[in-house]
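The values are calculated or read from the model by the stated rules, or taken from the named source; none is laboratory data. Predicted, not measured: the structure shown is a model, and the values here were computed from it. Reconstructed Cβ throughout: ideal geometry from the backbone, glycine too, with neighbour counts over all protein chains shown. Each accessible area value is taken on the protein alone, full model and side chains, heavy atoms only, with ligands, DNA and RNA left out. Shrake-Rupley method; radii C 1.70, N 1.55, O 1.52, S 1.80 Å.
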Amino acid sequence: MFPHRHLLGIEGLRPTEITTLLDLAETYAEANRAGRAPERVLAGLTQINMFFENSTRTQASFEIAGKRLGADVMNMAMQASSISKGETLIDTALTLNAMHPDLIVVRHPHSGAVNLLASKVNCAVLNAGDGRHEHPTQALLDALTIRRRKGRLHRLTVAICGDIAHSRVARSNMILLGLMENRVRLVGPRTLMPSGVDHMVAETTDDMREGLRDADVVMMLRLQKERMDGGFIPSEREYYHRFGLDAEKLSYARPDAIVMHPGPMNRGVEIDGLLADDINVSVIREQVEMGVAVRMAAMDLLARNLRAERGMA
Amino acid sequence: MTLTLTNARLVDPEAGTVADGSILVEGGVIAALGDIVPKGEVIDCGGKCLAPGIVDIGVKVGEPGERHKESYRTAGAAAAAGGVTTIVTRPDTRPVMDTPEALTFAMRRAAEAAPVNVLPMAALTKGFEGREMTEIGFLRDAGAVAFTDADRPVRDPRVLIRAMQYAAGLDALIVGHVQEPGLSAGACMTSGPFAAKLGLPSVSPVAERMQLERDIALIEMTGVRYHADQVTCAAGLAVLERAKASGLRLTAGTSVHHLTLNTFDVDDYRTFFKVKPPLRSEDDRMATVEALASGLIDIVCSMHTPQDEESKRLPFEEAASGAVGLETLLPAALQLYHAGHIDLPRLFRALSLNPARLLGLPCGRLSEGAPADLVLFDPDAPFVLDRSTLRSKSKNTPYDGRRMQGRVLRTLVGGKEVFAR
């Protein structure tokens, strides 16, 4: 069961709903890997990707997922649109609504903007990342990757490392992993640790070795260089020295620990390039692969609800 | 090498005692003390005071950039002559000491040229610009013992919060100059009737209180270790007392100039009395002295700031701030002892033990195993200070021509004599 009209965040989902979504994604992952064409469950539906912030990878992932399921996919480059001429987000939503799309995938630089848009349209909305708030499909694809590699998604120790403060990926992941009864540790410099985060997870530390100790999963975050004008760290080289993941720091984690990264990576800043490419520990490519499957599953479930709502089921 | 210093009055800041005795030095450390049988070379102290060498926090050396004002060689010689066995240097050099490379260079120069221990502080923000923090981790690894933008406090609280958070993560010490920069900009005296009479731009002591209150709020928020380098007025002391009572990791210091001089000393516009923050009223000075005696103020330093003749030979408003103090720190501080404000062990707590503790150094105490960094001095010896005799390259001392009481006789660093009168 997945009784939701939108996928706006991990917050509000139940563990059983997450499992439902991951189970379905698993079948899509297998189909994708085997090259089997899936059932065209989105046939006849229109999917609009609205990216108010650049993201080639996520946009491509959603586009492939939609097309694979038979949707008519349209990409709108919002920076070049009437938004830049002063149109408000609500105006955009109302205009869009008049065109009767079925699925809208939205990325927006401001937290909460996707929820606002969802409240103004009649179709299903998928959050592809809003500000520092949530990035639910990323957390779900991370969960799927972990589950495949570790055989379970509970009672694991997961270290989320780096720029926690600016990361919607971290936020969605800590909610999801906490919900599934994992032990989540946040690791990063205090300047990049949001205040009050210790109310959300049990453990925070600014010592990588301590944070990585006995971790099953090491989840690195991208240092948001475009947000670094505020002087949160002294320099990239010092950041790498203290917080960049290399083999030595990784040695504190469990021997079978996996390394994850939402991409795009800053090699030599948050992660050692060789480590990122080491197929024995790094699951970064698999994360990208699972991204398509998870998005297919999410859109499939939302489309089923949409059809039921419209009496088309 | 074995050395015995006999027949001394041992001033022990840790125990709070002054007792007759001897000290045995072996391998550069204090091997035994008290009633001991002399071994090796013997120095008869003649019943004079033997105390842990002074740890002077906040010394400006002109290298690099202003070597004509002071070099490591001259600063080291002045320190040795003043009983200062460890100098902690400020990063307000040219260029600013804000990279590990610059710091390493300076430390190498210091090791070559200075006969005393030299420990550097590094800049807290790049170029002292108050915009981006320095590489605090690398600088600490390179030897920086604390981080400060010297007398240019970080204006932007967001920048300071981040620097404090980051420093707290490394348990690094931040040294702050607690003068609200907007209020104190351009001021060269403390406001009051006397400043008005002289017609000099002045600043209220409230500038100190404001900045101290701001910084304390941020210390509460970040949990950083913080030392306020110059607390000089009653308003600031009240704030300090409340904050310390609340258990923050906060210490405070003051300069010997603010303990021994007041705003009236500026009466003939002599620029040697222009210091930062400006000299305070007599009430503020006395409140600061009492705070030192009570332990509210932890550290006394020289705030050694060499300025050449060209920088000081200007109208008061335009002259550079600061005074040299390495060589006059102890004689000037002994003025407080002679006036009955403070006893010798407590004075050496502020001069030696507390700064050593703040920086996590093993020196600053008379105990077995501690480095034999020692000063032998006669607290009663009178002299008139002649600035031309100072070993500093710059001679800008406010005590020029003043009658003083208390002279350094010998200074030892790691058991090695670096000064003898």
Out of (1) under 29 Å from B:Leu412 (Cα atoms); (2) in a loop (DSSP other than H, G, I, E, B); (3) not hydrophobic (A, V, I, L, M, F, W, C), the odd one out for B:Glu112 is which?
(2)
Which residues, counting only those in the range B:401-421, are at positive phi and out of contact with any helix residue (DSSP H, G or I) (no Cβ under 9 Å at 6 or more places or on another chain)?
B:Gly414, B:Gly415
Of (1) open to solvent by less than 20 Å² (accessible area, probe 1.4 Å); (2) more than 11 Å from chain A (Cβ to nearest Cβ); (3) of a type in the set (Gly, Ala, Ser), B:Ala185 satisfies every one except (1)
Return the residues of the range B:279-305 that are assigned to a loop (DSSP other than H, G, I, E, B) and open to solvent by 10 Å² or more (accessible area, probe 1.4 Å); say none if nothing qualifies.
B:Ser281, B:Gly295, B:Leu296, B:Asp298, B:Met303, B:Thr305
Among residues belonging to the range B:146-204 that are assigned to a loop (DSSP other than H, G, I, E, B) and free of Cβ contacts under 8 Å to residues at least 12 places away in the same chain, point out the one that is farthest from B:Ala234 (Cα to Cα).
B:Gly199
List pairs: first residue in the range B:229-243 and more than 17 Å from B:Ala293 (Cα to Cα), second residue surrounded by fewer than 20 Cβ atoms within 10 Å (Cβ to Cβ) anywhere in the structure, Cβ distance under 7 angstrom, at least six positions apart or on different chains.
B:Ala235/B:Val206; B:Val239/B:Glu213
Check every one of the helices (runs of 4 or more DSSP H) wholly within the range B:306-421 and list those with 2 or more residues that are more than 21 Å from the chain's Cα centre (by Cα) and surrounded by fewer than 21 Cβ atoms within 10 Å (Cβ to Cβ).
B:309-312
If the Cβ limit is 7 Å and pairs must be 6+ apart or interchain, which residue in the range A:108-130 that is of a type in the set (Lys, Arg) pairs with which residue that is open to solvent by less than 10 Å² (accessible area, probe 1.4 Å)?
A:Lys120/A:Ala93
Name the one entry in A:Leu250, A:Leu245 that is within 22 Å of the chain's Cα centre (by Cα), at pLDDT 95 or above and either open to solvent by less than 40 Å² (accessible area, probe 1.4 Å) or within 12 Å of chain B (Cβ to nearest Cβ) (or both).
A:Leu245
Within the range B:252-275, track down each residue that is closer than 14 Å to B:Thr288 by Cα and either within 17 Å of the chain's Cα centre (by Cα) or of a type in the set (Phe, Trp, Tyr) (or both).
B:Ala252, B:Gly253, B:Thr254, B:Ser255, B:Val256, B:His257, B:His258, B:Leu259, B:Thr260, B:Leu261
Of the residues that make up the range A:210-217, is at least one modelled with pLDDT of 90 or more, of a type in the set (Lys, Arg) and in contact with a helix residue (DSSP H, G or I) (Cβ under 8 Å, 6 or more places away or on another chain)?
no
Could you pull out the residue among A:Arg155, A:Arg148, A:Arg168 that is surrounded by 20 or more Cβ atoms within 10 Å (Cβ to Cβ) and either in the same structural domain as A:Lys225 (by the TED database) or of a type in the set (Phe, Trp, Tyr) (or both)?
A:Arg168
In this structure, does B:Ala167 turn out to be open to solvent by less than 10 Å² (accessible area, probe 1.4 Å), modelled with pLDDT of 95 or more, under 24 Å from the mean Cα position of the chain (by Cα) and away from every other protein chain (no Cβ under 12 Å)?
no
Residues in the range A:93-112 that are open to solvent by 10 Å² or more (accessible area, probe 1.4 Å) and modelled with pLDDT under 90 total 7
Condition first: touching a residue at least 24 places away in the same chain (Cβ under 8 Å), in contact with an Asp or Glu (Cβ under 6 Å, 6 or more places away or on another chain) and within 12 Å of another protein chain (Cβ to nearest Cβ). Can you find one or more residues in the range B:97-104 that meet it?
no
Matching residues in the range A:1-17 - criterion: being more than 16 Å from A:Met174 (Cα to Cα), in a helix (DSSP H, G or I) and open to solvent by 30 Å² or more (accessible area, probe 1.4 Å)
A:Thr16
Looking at A:Thr20, A:Thr56, can you tell me which residue is within 30 Å of A:Glu181 (Cβ to Cβ) and either touching a helix residue (DSSP H, G or I) at 6+ places or on another chain (Cβ under 8 Å) or open to solvent by 20 Å² or more (accessible area, probe 1.4 Å) (or both)?
A:Thr20
Filter the range B:87-108 for residues that are among the acidic types (Asp, Glu) and over 19 Å from the mean Cα position of the chain (by Cα); which is surrounded by the most Cβ atoms within 10 Å (Cβ to Cβ)?
B:Asp98
Residue that is farthest from the other protein chains (Cβ to nearest Cβ) [pool: residues in the range B:109-139 that are under 21 Å from B:Asp56 (Cβ atoms) and surrounded by fewer than 21 Cβ atoms within 10 Å (Cβ to Cβ)]:
B:Pro115
Name the residues in the range B:222-268 that are of a type in the set (A, V, I, L, M), over 21 Å from B:Leu336 (Cα atoms) and either open to solvent by 30 Å² or more (accessible area, probe 1.4 Å) or not in a helix (DSSP H, G or I) (or both), would you?
B:Val224, B:Ala228, B:Ala235, B:Ala238, B:Ala245, B:Leu248, B:Leu250
